[in-house]
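Let me begin by presenting the structure, written as structure tokens, before commenting on it.
Nothing in this text is a laboratory measurement; each read-out follows from the coordinates by a stated rule. These numbers were taken from a predicted model, which means no experiment stands behind them. All Cβ positions, even for glycine, are placed from backbone atoms using ideal geometry, and neighbour counts span all protein chains on display.
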Ligand SMILES: Cc1cc2nc3c(=O)[nH]c(=O)nc-3n(C[C@H](O)[C@H](O)[C@H](O)COP(=O)(O)OP(=O)(O)OC[C@H]3O[C@@H](n4cnc5c(N)ncnc54)[C@H](O)[C@@H]3O)c2cc1C
């Protein structure tokens, strides 16, 4: 093995489309001292048998970014690396059966245009001009995507591999990685051909990713589904039509029926995502195979009968064709269906680029993202949707299997903003879950924690069906209005399990923290909001900081941010400091509203005159707790932090005291309404690495006088150069719908910004948008338009202060 590489900067395990793209992008970034290990031949995993569809469509901004990038890359790749590929850009027609589906399309068209893509909506009449053989009588319209198409996945992988090799990267085929170990600052990857010492390892092992992850002491949250497509023989009408017009039919996606239908030569390829789907390798009698290279599962057409019949009704020509081949292959799923791209949680110098469900159309973008993570430690686009740290380790096998099946069976489903997916629920419960449920709570899961979204009143529609709407005034609306009114006029209580919290201790802890955050560390007894920037000044995260003692601090952050924020803190932690994750030990209630003090006065041994942004130890119903004088709802209020075991009696005592003061439980929908009225940002919505602190309007949380903090130089430079985009609050003259994430802001026919939050403010009685706008327009009174489901609605920029209680008089009361 004289030629076997014994050292490398990066070793990538897995030679599918994604591994090859990662290698190509690393080499492109100048990191050519990289080796890819493939246990069999390249493409032996899911890649060789993939259908190769390359859509750009996604209702997620970041996934759309990735897919758009892929499509762009694939167009030029063959010529760039001199490896011609079959890549047919046919365009696609995506059918809508309902008004809600058409709204989803209009939203995606808006996002797509913002990303520079000319997507379009077709009326039922127009559809046949794009796709003549189609039954359209029951359709409400369609989305036309001119960039969609299909690529040969094996050729794509080979082209990426060729490009990588020509830049100096190496590929070792028929060379499985068999284990890894850490030696000092290095990884040692073992293979039958020898060991490779390297700085960084990437798990790109596709559906084998879980097996590989175990070497790192990790259990990747994933499972494997069986996915099929069927090839149908030549249809003479398609052949003569194609020859006449000189191109193929656009790819058809009947998403409400849940399949795609693609012209394959002069026949069809039909690929359903069936509800009655099948998981593989999840039971003892169906163990995970040592090696499944280039293998398929047996055909299972019975599951697909409904879909075949439906497609035949949609495109009657299909009936004429003979079924010639079925491909049934393994396709991996995470619990939310998005891949894992980014740092491997808790493991130094290790990354993941695996568990891709759409790994052909995403490989290009994924390679770019992975290479940025490895070479720069951060990505150009905020990629939280794919960040491995969005899972925090509680997701057991059963959860992964159930969620994977749910996602697969609803692959094309609309994600409505008030809908909670029902499968594999009740995994993490608040100590007062039973009490809130008894009061009518309708739950949603946050990092697995069940939180009340709203409290149904007798007679309210609590069906899942009731939440399948874009409308603002769904079944929850009246109840949420009452919850907000209670918080405004009397008091509300929100049970908030799952807050992530870390205790930071050690000599110099506060000084260290000061170098990590942009603002001031609160003094002992006080608390404050802290913002963490990266070296480019972009918003990494936001935490509440309570200074418990000189060098003892509690850092409290979003439930979903647990693994992300812990990793960020640990990465920068200095010797002598200690960080402990206490998330599982504590529960939190938000008690807020003008009567909050009177309620606490009846039950709490505490000094309730202490001002806003202070904390104190207190006793309620004989139990110790911490009271923090703060309210994300923007009213007088306290967060009650208590040990899990003490929480039920505290809850009971507060609820009993509240009876005489109009206390009402409220949920996350009300909290969202209340917080947008205060201009409070939400993590990974309004606060993301897509924006700098200055763009995010967070300058009041920057202490320029501090000698140093992460991101300071970049922020200073940005301030000097002038901020080009700024946070703004808008009031929107909207009809029945609140603007979804990334609704575009227009002025004089030009896009001038985007919304990162849009919700109805019940206290101010208006639809509020929080977003980013061209800096020169971030002036109170500026008239703009917000595109909401294809309609441009009038909106006005507000003063740079909260719409509700701008002087914070109510909070300070
Ligand atoms: C029927 C079907 C149709 C599909 N159609 C599409 C489509 O139209 N569009 C689309 O975007 N996606 C499609 N997919 C999904 C797509 O196939 C996958 O998402 C994609 O191939 C994943 O690529 P990957 O590189 O992540 O994984 P893989 O292709 O599975 O590659 C992982 C590689 O790692 C290797 N490996 C594993 N363990 C080791 C080890 N220890 N050492 C060395 N090597 C190792 C494996 O041999 C394998 O080659 C389809 C999937 C199926 C099943």
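A straight line joining the Cα centroids of region 394-420 and region 551-580 runs 29 Å. Quick one: angle between helix 99-114 and the longest Cα principal axis of the chain, in degrees between 0 and 90, rounded to 10, please. Roughly 90 degrees, rounded to the nearest 10.
Under 13 Å from a point 7 Å along the Cα-to-Cβ line of residue 571: which residues of region 343-359 have their amide N that close? Residues passing the 13 Å test: 343-352. The spacing between region 435-473 and region 215-266, judged by their C-alpha centroids, is 37 Å. Scattering from region 434-491 was approximated by placing one identical point on each alpha carbon and applying the Debye formula without solvent; log10 I(q)/I(0) at 0.15 1/Å stands at -0.48. Each residue in 671, 102, 777 was given a count of other beta-carbon atoms within 10 angstrom of its own, and listing them fewest first yields 777, 102, 671. Distance from a point 7 Å along Cα→Cβ of residue 82 to each backbone N in region 132-172: keep the residues under 14 Å and list them by number. Label zone hits: 162-167. Ranked by the mean number of other Cβ atoms within 10 Å of their residues, highest first, the peptides 180-190, 679-689 fall in the order 679-689, 180-190.
Over all directions, what mean area does the Cα convex hull of region 1-58 project, stated in square nanometres? Write down the numbers at each step before the final one.
On the way: hull surface 21.8 nm².
Mean shadow area of the hull around the Cα atoms is 5.4 nm².
Mean sequence separation of contacting Cα pairs (under 8 Å, at least six apart), scaled by the length of region 586-661, corresponds to a relative contact order of 38 percent. Between residue 284 and residue 397, the distance separating the two model label sites (each 7 Å from Cα on the Cα→Cβ line) works out to 1.0 nm. Secondary structure note: in region 7-333, about 75% of the DSSP beta bridges are antiparallel. With respect to the chain, whose longest principal axis is taken over its alpha-carbon atoms, helix 397-409 is tilted by about 60°.
Over every Cα atom in region 1-103, the radius of gyration and the widest Cα-Cα span, Dmax, amount to 17.7, 65 Å.
Principal axis extents of the Cα atoms in region 264-323, from largest to smallest and rounded to whole angstrom, are 42, 25, 14. In terms of overall dimensions, region 500-584 has a Cα radius of gyration and Dmax of 11.6, 33 angstrom.
Computed from the Cβ-Cβ distance with R0 of 60 Å, the FRET efficiency linking residue 275 to residue 792 stands at 0.95. The distance between label points at residue 645 and residue 473 comes to 5.1 nm (points 7 Å beyond Cα on the Cα→Cβ vector). Computed with the Debye formula from one identical point scatterer per Cα of region 586-661, without solvent, the log10 of I(q)/I(0) at q = 0.12, 0.13, 0.15 Å⁻¹ comes to -0.26, -0.31, -0.41. Within region 371-431, the percentage of alpha carbon pairs spaced more than 19 angstrom apart rounds to 52%. Ellipsoid semi-axes for region 404-478, based on the Cα gyration tensor and the rule √(5λ), read 21, 19, 9 Å when sorted largest first. Taking the average, over residues, of other Cβ atoms within 10 Å as the packing measure, peptides 602-612, 263-273, 321-331 rank 263-273, 321-331, 602-612 from highest down.
According to the square roots a ≥ b ≥ c of the eigenvalues of the Cα gyration tensor, what is the shape class of region 164-216, taking rounded for a/c under 1.5, prolate for a/b larger than b/c otherwise, and oblate for the remainder? Could the numbers behind the result be given before it?
On the way: a/c = 1.57, a/b = 1.17, b/c = 1.34.
Oblate, since a/c reaches 1.5 and b/c is not below a/b.
Segment residue 457..residue 133, full-extension length gain: 111.7 nm, with 0.36 nm per residue of separation and the alpha-carbon distance subtracted. With 0.36 nm allotted per residue and the present C-alpha distance subtracted, the residue 708-residue 736 stretch has 5.3 nm of extension available.
For the chain, give me the percentage of DSSP beta bridges that are antiparallel, rounded to the nearest 5 percent.
Working: 135 of 159 bridges.
Counting only bridges with both partners in the chain, antiparallel ones make up about 85 percent.
Can you give the FRET efficiency to the nearest 0.05 for residue 302 and residue 6, using r as the Cβ-Cβ distance and R₀ = 56 Å? So the FRET efficiency works out to roughly 0.60. Each principal axis of the Cα cloud of the chain was taken in turn, and the coordinate range along them, longest first, works out to 81, 67, 59 Å.
Can you bin region 556-690 into rounded, prolate or oblate? Criterion: square roots of the alpha carbon gyration tensor eigenvalues sorted a ≥ b ≥ c, rounded for a/c under 1.5, prolate for a/b above b/c, oblate for the rest.
Details: a/c = 2.12, a/b = 1.39, b/c = 1.52.
Since a/c reaches 1.5 but b/c is at least a/b, the shape of region 556-690 is classed as oblate.
Please give the length that would be gained between residue 716 and residue 808 if that part of the chain were fully extended, namely 0.36 nm times their separation in residues minus their C-alpha to C-alpha distance (nm, one decimal). Contour length minus Cα-Cα distance gives 30.2 nm. Averaging the sequence gap over all C-alpha pairs within less than 8 Å and six or more residues apart, then dividing by the number of residues, gives the chain a relative contact order of 11 percent. Annotation: the residues 208, 446, sorted from fewest to most other C-beta atoms within 10 Å of their own C-beta, follow the order 446, 208. Each label was represented as a point 7 Å from its Cα along the Cα-to-Cβ direction; for residue 214 and residue 166 these points are 4.1 nm apart.
Using a 10 Å cut-off on Cβ atoms, rank the peptides 711-720, 10-19 from the highest mean neighbour count down.
Numbers: 711-720: 16.3, 10-19: 30.6.
Most protected by this proxy first, the peptides run 10-19, 711-720.
When the Cα atoms of region 469-524 are aligned to their principal axes, the ranges along those axes come out at 52, 30, 22 Å in descending order. Shape of region 689-812 from the C-alpha gyration tensor: oblate (a/c of 1.5 or more and a/b not above b/c, with a ≥ b ≥ c the square roots of its eigenvalues). Across all directions, the average flat footprint of the convex hull enclosing the Cα atoms of region 112-256 is 14.9 nm².
Once the Cβ-Cβ distance of residue 624 and residue 243 is raised to the sixth power relative to R0 = 56 Å, the FRET efficiency obtained is 0.10.
Normalised by the number of residues in region 252-383, the mean separation of alpha-carbon contacts (under 8 Å, six or more apart) gives a relative contact order of 14 percent.
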